[in-house]
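Reviewing the structure listed below.
The values are calculated or read from the model by the stated rules, or taken from the named source; none is laboratory data. Small disclaimer: the values here were computed from a predicted structure and weren't measured. Quick reminder, even Gly has a Cβ in these numbers, built from the backbone with ideal geometry, and neighbours come from all protein chains shown.
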Amino acid sequence: MNTDASVIISGAGPAGSLAAYELRRYGISTLVFDKAEFPRYKVCGAGLTHKTLSILPFNISPVIHTTIHSFRFSENCSDVFSRTNENPLMYCTMRDELDAFLLDKAIAAGARFAGGEKVTDIKQTGGLVSVRTNRGEYSSLFLIGADGASSLAARTFSLNSKIDWGMAWEAELRSGPGDLHRFSDTVFLDWGTFPGGYAWIFPKKDHFSVGIGGPARLAKLMPEYYNRFIASSGISFAETISNRSHPLPVRIKKSFFHSGNVLIAGDAAGLTDVLTGEGIYWAMKSGMGAARFIREKLEGRIADLAPYSDWINGHIMPELLEAVNIGALFNAFPKRIHHWVRDSERVWKALGKVLRGERTFTDVPGAFGKWQPLWKPACRISSIIQRGKERRYVRKANR
């Protein structure tokens, strides 16, 4: 069959670029489209966990801005305390720099890239995937939809069900050099103020990234929380560089992540950790996984791409679904959990291990020993309490 590439990838974010890099390592011809020219700004806190760096096949230190050892916690913008870990808890970058770096790695490996070319239509006929863009028509054996939260690939092949929508509101803010130096290794985190959400400040090389994350249904109430949070931070912000919002798709049930020879990865697949807001790790992991299963299909080791969906449901979704459960507990009882983190060295160390990727969310229920059978009922009750808090918060805000 004559094709423009064995694999077309729609979207050059972390999922798409890592998929392209891996495909080229396997010697598979790859063509990547993105509607934007690179580098391009992307709304994202761009905090990278230790486990993210551990799965990468190359060093990304050139785009790391800061290394985080401390968290400064607040509950309802008060009761402030800090916790420090000897080993790095996470790393901060900027998405325009990170994404351009990853894409350059894919291009250096032999992937072709067409920036400013938006995929507008996808069809599967006769064993080929036909792709139309704003500039032309192309064909391939496979397509990876890594085209973000509003993924055309996911919508076209009905792979976008079982998604709960969150929203991130983020600004890049400048401050005096004293604040940047003082908090260069510290993340600010506020919880217990905004039902189902939280606020953060990440230090970057020459500014801070400040954001709010929470349910999309409460998006109109985020600006008020944002203003209150930055006022309580104690940082003297001098200039707003940018201020934007972005949807966060959260897959809340196991599902299908392929249709025929089309696969979805990253935000297109709804692979967002609702507890921490992390999506980059899951984007990279799913993108690399998509490349691996395409390779296995081309080599005749699997009959179709169903094992890709099975792999996500078996190795990624259990962690993300447990994050939903833990998030419900956090949001139902934020003051209690805030005090546990503040007062218990054991709880802080456990949280640090989760942040570093040394422990997983699926390990949490087992820590309750003989009380483990109560875990799921407690999470269901917490979810109900969380929704009740959301309704009361809206009523109060509308008075």
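List of remarks:
- Set side by side, the residues 105, 162 differ, and just one is under 30 Å from residue 275 (Cβ atoms), out of contact with any helix residue (DSSP H, G or I) (no Cβ under 9 Å at 6 or more places or on another chain) and among the basic types (Lys, Arg), which is 162.
- Count - residues of region 75-119 that are of a type in the set (Ser, Thr, Tyr), within 23 Å of residue 43 (Cβ to Cβ) and either over 21 Å from the mean Cα position of the chain (by Cα) or assigned to a strand (DSSP E or B) (or both): 1
- Residues that are closer than 14 Å to residue 13 by Cβ and surrounded by fewer than 20 Cβ atoms within 10 Å (Cβ to Cβ) within region 96-117 comprise 96, 97, 100, 101, 104, 105, 115, listed in sequence order.
- Flag if residue 234 is on the phi > 0 side of the Ramachandran plot, surrounded by fewer than 21 Cβ atoms within 10 Å (Cβ to Cβ), out of contact with any helix residue (DSSP H, G or I) (no Cβ under 7 Å at 6 or more places or on another chain) and not assigned by TED's automatic domain parsing to the domain that holds residue 120: yes
- Helices (runs of 4 or more DSSP H) completely within region 284-367 that count 3 or more residues being assigned by TED's automatic domain parsing to the domain that holds residue 384 and more than 18 Å from residue 55 (Cα to Cα): 317-332, 334-343, 345-356
- Hey, residue 24 on the phi < 0 side of the Ramachandran plot and not in a helix (DSSP H, G or I) or not: no
- Considering region 125-235, the qualifying strands (runs of 3 or more DSSP E), each wholly inside and each with 3 or more residues that are more than 30 Å from residue 391 (Cβ to Cβ), run over 128-133, 137-145, 163-175.
- Condition check for residue 154: in contact (Cβ under 8 Å) with a residue 40 or more places away in the chain, farther than 15 Å from residue 34 by Cβ, buried (at least 20 other Cβ atoms within 10 Å of the Cβ) and within 24 Å of the chain's Cα centre (by Cα): yes
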